[in-house]
Amino acid sequence: MDSDEGMNKLVAPLPKEVFWNAHEICHVEGFWFFAHLMESIAAFRSDFEPRSDDILLTSFPKTGTTWLMALCHNILHRHDDREEEEDDVLTTVNLHEVVPTLDVFFLHDQVQDLVLNSNRSTGGRLLHTHLPYTCLPEAVRNSGCKIVHVTRNPKDTMVSMWHFYNKIFDVFPMEGAVESFCNGVLPWGPFHEHVIGYWEESKRRPDEVLFLTYEDLCRDPKKEVRKLASFLGKPFSPAGNGCEDEEVEKVLWLSSLGRLKELEVNKNVVSELTQIPNSSFFRKGTVGDWKNYLTPQMAERIDQLTQLKLQGIELSLDDF
Ligand code: PAP
């Protein structure tokens, strides 16, 4: 059976919709995924062999994935012998190639090499997925590997997503984008159920699942980075120690939007892996940018939905 045949077999029986008049998405176990990724998603779910020392970053798209990848990479590699800035792999390779998104690229040779042949002696692998918690490979959920989830204000997520997809697909009206966001009919959606899955698991298994928000990272980056480093087993010394403070600041700077956005690799290169310009992952990175794009009615609609979905859950609108 060739790949197209395999894909057709996978996709044919699934309920489908067309996302933003352009791309087929399929409904699987309560969530929507791009039809063209179904083969990769299925392979990741059945064939991926987790290791207990893996670190799996998880996120709904546009909630701070790239930032989280950078922070974790720089925390884990902060004691590497990097004398010159060029010694930092991030100056020549986009983060999405350094930390592969397994549900999207699992079958890509580059990712297979990275996943299968990475050297154990260098410690756990840093990997990423956009899959919701309940759709993770069962082996991952049972492996005890560390999971870090990042989420973001739903209105800022929506607006960031609108900018991103407008760059890589045709421009789509904001009204329609809000509609699909609120109906939950969008890739990896619905958003709220996606967040809730990881939130609940982080409450159930706090030592293995860490839940972060983009807003907390913006509000108190040093505190959040210290928390993240401790969770990853690479703690900084307690706050107040001058030397370690500098280290925290260095990790933040190396991971900052301002720095990464200006690197040549992130300005003018189309990644062979993602097939999209690396620059698409970097925009403004501000909290509350939705105010520049959503009408009060659109904002109200998303807020009401968020309130409704988070009812009875210890996660409030204020956390965003
Ligand atoms: P992904 O899920 O497709 O990988 P993701 O990185 O989550 O995308 O989202 C991109 C958003 O993160 C952009 O937000 P904006 O559209 O509101 O501006 C992007 O600017 C922001 N971003 C990317 N890198 C960083 C970073 N290093 N620090 C802070 N924000 C960042």
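Report the FRET efficiency, 1/(1 + (r/R0)^6), for Asp220 and Ile168, where r is their Cβ-Cβ distance and R0 is 41 Å, rounded to 0.05. Please report the intermediate quantities before stating the final value.
Numbers: r = 33 Å, r/R0 = 0.80.
The calculated FRET efficiency here is 0.80.
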- Unit charges on C-beta of K, R, D, E only; dipole of segment 150-261, Debye: 200 debye
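Starting with the highest mean, order 87-97, 10-20 by the number of other Cβ atoms within 10 Å, averaged over the residues of each peptide.
Going by the mean number of other Cβ atoms within 10 Å, highest first, we get 87-97, 10-20.
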- Query: At what distance in nm do the modelled label points of His36 and Ala299 sit from each other, each positioned 7 Å from its Cα along Cα→Cβ?
  - Reply: 3.5 nm
- Message: Positive end of the dipole of segment 51-309, charges at C-beta (+1 Lys, Arg; -1 Asp, Glu), about the Cα centre: which of Val265, Ile302, Val99 has its Cα farthest in that direction?
- Response: Ile302
- If you count the DSSP beta bridges with both ends in the chain, what percent of them are antiparallel, to the nearest 5? 40 percent
- Task: Mind checking the per residue accessible area of the chain for me, 1.4 Å probe, whole number of Å²?
- Result: 46 Å²
- Expressed in nm to one decimal, what extension gain is obtained for the pair Arg78 and Asp4 from 0.36 nm per residue of sequence separation less their Cα-Cα distance? 22.3 nm
- Could you give the distance between the Cα centres of segment 5-52 and segment 252-300, to the whole Å? 26 Å
- Query: Taking +1 at the Cβ of each Lys and Arg and -1 at the Cβ of each Asp and Glu, which of Tyr293, His149, Pro238 sits farthest along the dipole of the chain towards its positive end, judged by Cα position relative to the Cα centre?
  - Reply: Tyr293
- Query: If the chain between Ala139 and Leu257 were fully stretched, how many nm would it gain, using 0.36 nm times the residue separation less the Cα-Cα distance?
  - Reply: 39.1 nm
- Note on the structure: In segment 51-309 the accessible area split gives carbon plus sulfur, as whole percent at 1.4 Å, a share of 51 percent
- Message: Could you tell me the calculated FRET efficiency between Glu272 and Glu208, based on Cβ-Cβ distance and R0 = 35 angstrom, to the nearest 0.05?
- Response: 0.55
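The values are calculated or read from the model by the stated rules, or taken from the named source; none is laboratory data. Just so it is clear, the structure is predicted and the values come from calculations on it, not from any experiment. Virtual Cβ from ideal backbone geometry, glycine too; neighbours counted across all protein chains shown. SASA here: full protein model, heavy atoms, side chains in, ligands and nucleic acids out. Shrake-Rupley method; radii C 1.70, N 1.55, O 1.52, S 1.80 Å.
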